[in-house]
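S.K.: Take this structure, written in structure tokens, and hold onto it; I'll ask about it next.
Coordinate-derived values only; no laboratory data. All figures in this text were calculated on a predicted structure; none of them were measured in a lab. Note: ideal-geometry Cβ built from the backbone for every residue, glycine included; neighbour counts use all protein chains shown.
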Amino acid sequence: MGSDRPAAPGSTPRRIPPGQRHVHGWPVSHYGPVPRFRPERWNLRVFGATAAGDERSWTFEEFTVLPRVTVVADLHCATGPTSTDHEWFGIAATTVLELAPPAPDVTHVMAWAEYGYTANLRLSDFTTPETLLATHHNGELLTAEHGFPLRLVVPHLYGYKGPKWLRAIEYMTEDRRGFWEDRGYHNIGDVWTEQRYSHQERESDGPARE
């Protein structure tokens, strides 16, 4: 599956979103230090407004045997760079939703990563076919700098919506801003409409910043 936006009838497909520039390679970009992976302590949690009212979690060993998918997609940084044709391998977000269903009134999720980093997404963004929890990149395990052991990939949104070192998914019945969203970045982050910064937001795009 690719990340190109479908073209309108009679038009030419556009691969690079507006305002982006193509870059080669895969630049490393993150906030804070690279965490140390301790497999005996690691788990992935799903909590919040679950359908069953309780929490679900997987150890590292349990998570690695869940069904996997491959997605080929691009990465877009809100500051402008786009790198293309990344082959991701991991667990589809829809599989997580099937194994730990959200309550009917859930509208958003919060992705939690190491050191308390967070990124909020609309449930409709989390459930797209290309959204996945990646363990591999181009046929190899993710490196520590690129998010090993687990990274959220949401190809149609800017990169700050896909945290490295993912540790939990929280189901929410109302929106709440994540780390960068509370520091001036757009609450939705759609790359094709250039939703980069909070000053571009409409009232319906998200909650007020604290």
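S.K.: Answer with a single label: of [x] 32, 21, 15; [y] 38, 20, 16; [z] 25, 21, 17, which was calculated as semi-axes √(5λ) of the Cα gyration tensor in Å from the structure in view?
M.R.: [z]
S.K.: Now a separate question. Using a Gaussian network for the chain with springs between C-alpha atoms less than 10 Å apart, which of these wobbles most: Thr50, Thr131, Thr64?
M.R.: Thr64
S.K.: If you don't mind, there's one more thing I want to ask. Would you kindly state the longest site-free stretch of the chain, with sites defined as trypsin sites (Lys or Arg not before Pro) in a DSSP loop (not H, G, I, E, B) surrounded by at most 10 other Cβ atoms within 10 Å?
M.R.: 42-201
S.K.: Over segment 24-137, what lengths in whole Å, largest first, do the semi-axes of the equivalent ellipsoid take, defined as the square roots of 5 times the eigenvalues of the alpha-carbon gyration tensor?
M.R.: 24, 18, 16
S.K.: Relative contact order (percent) for segment 139-181, with alpha-carbon contacts under 8 angstrom and 6 or more residues of separation?
M.R.: Dividing the mean separation by the residue count of segment 139-181 yields 30 percent.
S.K.: Chymotrypsin sites (Phe, Trp or Tyr not before Pro) within segment 29-87: which are DSSP loop residues with at most 14 other Cβ atoms inside 10 Å?
M.R.: For chymotrypsin sites (Phe, Trp or Tyr not before Pro) across segment 29-87 that sit outside H, G, I, E and B with at most 14 neighbouring Cβ atoms in 10 Å, the list reads Tyr31, Phe37.
S.K.: Provide Glu194, Glu174 in ascending order of the number of other Cβ atoms located within 10 Å of each residue's Cβ, fewest first.
M.R.: Glu174, Glu194
S.K.: Fewest Cβ neighbours within 10 Å first, please rank Thr135, Thr193, Thr127 accordingly.
M.R.: Thr193, Thr127, Thr135
S.K.: For His24, His86, His108, what's the fewest-to-most ordering of other Cβ within 10 Å of each Cβ?
M.R.: Least crowded to most crowded, the residues run His24, His86, His108.
S.K.: Calculated FRET efficiency, Thr143 and Arg15, Cβ-Cβ r, R0 22 Å, to nearest 0.05?
M.R.: So, using R0 = 22 Å, E works out to roughly 0.25.
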